[in-house]
Amino acid sequence: MNYDIMKQYGLTDAMINEASLAEGLFVGRVLSQSKDIYRVATETGTLFAEVSGKYRFQTRRLSDFPAVGDFVLLDRDLGDSGNGIIHQVLSRKSAFIRKAAGKSAQEQLVLANIDTTFICMSANNDFNLKRLERYLVLVWESGSTPVVVITKIDLCEDIDSKFRAVDAIGNGVDILGISALTKEGYDDVMSYMTPGKTVALLGSSGVGKSTLINWLVGQDALETQGVRNDDRGRHTTTRRELVLLPSGGMLVDTPGMRELGMWDIDEGLDRAFQDVETYFDKCRFRDCTHTNEPGCAIYDAIRDGELSEKRWQSYLKLKTEDAYSENRDDYLKKKNEKFKNISKHNKVKYNKLK
Ligand code: GDP
Ligand code: ZN
């Protein structure tokens, strides 16, 4: 079978092997999703598709359903009539997962198979290291590689200090500074847009994500594709979320990424806070709680100015959230006895859950 187009979309040899086990099915990549309908690129063109009845019936976890970025196996290509039917999702290279709305606390897939994630943050109003720390955890957890993109550098007098601040918490991640006005840094951005690689954008609204995407793709890339009234009278818009760039490479900007919360972030936390975690081995006691034990390496590092108190507090806060999401029910029960000092953020979360 010919996979020239799908390879441009990032199909790997491992995925081709996996696909070859299923006879008579075509490979496609999910470009966007609107409720149960997926827009899928295939070797012969783009079509709409839905999962098979069997798939729907047998799939227990929400996160096993296809999402934007997934490679799927379908039984129809463009030549046939009707929607394509999705029978299988190929193994994912990476996955952004969020907690679904409601009390069930189910995991929901937001994006799959992202190679690089641009964490966008503007050099002026939106510059927030605490939020960046959180984003870094999420991105490492997803299995994609974070790159910090500081936008609107034309609005900042002292960009060097911003770079240094990010570098101090980045554990070696790439940091770019860009301006849509002067086009500074756009070459650096382009170096990540290589054939077969998918870049996702993460960041608050207003930091300049659409501006960057529109420049990379061409003007109308992010315009909504028409507004329709569905039978409940609500407006639904479909947008192209994953786009192939003229230069090769792909970009994804999906609204779901803005609602990502913390969810089982153990590994991401370890990776994002490597600088903090290296001290743990150096504490005198194996079971050091880093509160008031003698010979605590964390204590010493903070005293000696090697580790900032702020950084340590960020770590503790995110660690608490992680424990909280894992033991949610226990947490709710023990709320009053055990967590007297829960942060404001967790209190909000708790109130929502009650
Ligand atoms: P998004 O919500 O992240 O997609 O942000 P937009 O791309 O819509 O940009 C928000 C606003 O910031 C718009 O008014 C842009 O013109 C402006 N903007 C974007 N990039 C830059 C930049 O590099 N410098 C300046 N000064 N303004 C920018
Ligand atoms: Zn210690």
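The values are calculated or read from the model by the stated rules, or taken from the named source; none is laboratory data. The structure displayed is predicted, hence computed values, not measured ones. Note: ideal-geometry Cβ built from the backbone for every residue, glycine included; neighbour counts use all protein chains shown. When the accessible area is computed, the model is the full protein with side chains, heavy atoms only, and any ligands, DNA or RNA have been set aside. Shrake-Rupley method; radii C 1.70, N 1.55, O 1.52, S 1.80 Å.
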Filter result for G233 (modelled with pLDDT of 65 or more, on the phi > 0 side of the Ramachandran plot and either outside any helix (DSSP H, G or I) or within 16 Å of ligand 1 (Cβ to nearest atom) (or both)): no
Verdict on T117 being in a loop (DSSP other than H, G, I, E, B), of a type in the set (S, T, Y), in the same structural domain as L245 (by TED's automatic domain parsing) and in contact (Cβ under 8 Å) with a residue 24 or more places away in the chain: no
Filter result for V68 (under 28 Å from K197 (Cβ atoms) and either in the same structural domain as V110 (by TED's automatic domain parsing) or part of a strand (DSSP E or B) (or both)): no
Every residue from the range 167-220 that is farther than 16 Å from T117 by Cβ, part of a loop (DSSP other than H, G, I, E, B) and without any contact (Cβ under 8 Å) to a residue 60 or more places away in the chain: S179, A180, L181, T182, K183, E184, G185, S205, G218
Subset of the range 99-118 (residues that are open to solvent by 40 Å² or more (accessible area, probe 1.4 Å), modelled with pLDDT of 75 or more and of a type outside the set (D, E)): Q108
Any chance F48 is within 24 Å of the chain's Cα centre (by Cα) and aromatic (F, W, Y): no
Leading residue by the ranking (modelled with the highest pLDDT) among those in the range 263-276 that are under 13 Å from W140 (Cβ atoms), of a type outside the set (F, W, Y) and open to solvent by less than 10 Å² (accessible area, probe 1.4 Å): A272
Where a residue in the range 288-314 is at positive phi and more than 16 Å from ligand 1 (Cβ to nearest atom) and its partner, wherever it lies, is open to solvent by 60 Å² or more (accessible area, probe 1.4 Å) and assigned to a helix (DSSP H, G or I), with Cβ under 8 Å and at least six apart: H290/Y299
Exclusive hit being farther than 30 Å from D115 by Cβ, away from ligand 2 (no atom under 16 Å from the Cβ) and either modelled with pLDDT under 80 or aromatic (F, W, Y) (or both), set Y299, Y331: Y331
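Matching residues to (1) assigned to a helix (DSSP H, G or I); (2) at pLDDT below 90; (3) surrounded by 17 or more Cβ atoms within 10 Å (Cβ to Cβ):
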{"position": "R92", "(1), (2), (3)": "no, no, yes"}
{"position": "F96", "(1), (2), (3)": "no, yes, yes"}
{"position": "L132", "(1), (2), (3)": "yes, no, yes"}
{"position": "W140", "(1), (2), (3)": "yes, no, yes"}
{"position": "V149", "(1), (2), (3)": "no, no, yes"}
{"position": "S161", "(1), (2), (3)": "yes, no, no"}
Selection within the range 1-53 - in a helix (DSSP H, G or I), touching a residue at least 12 places away in the same chain (Cβ under 8 Å) and farther than 17 Å from S91 by Cβ: D4, I5, Q8
Those residues of the range 163-175 which are at negative phi and open to solvent by 40 Å² or more (accessible area, probe 1.4 Å), in sequence order: F163, R164, D167, A168, D174
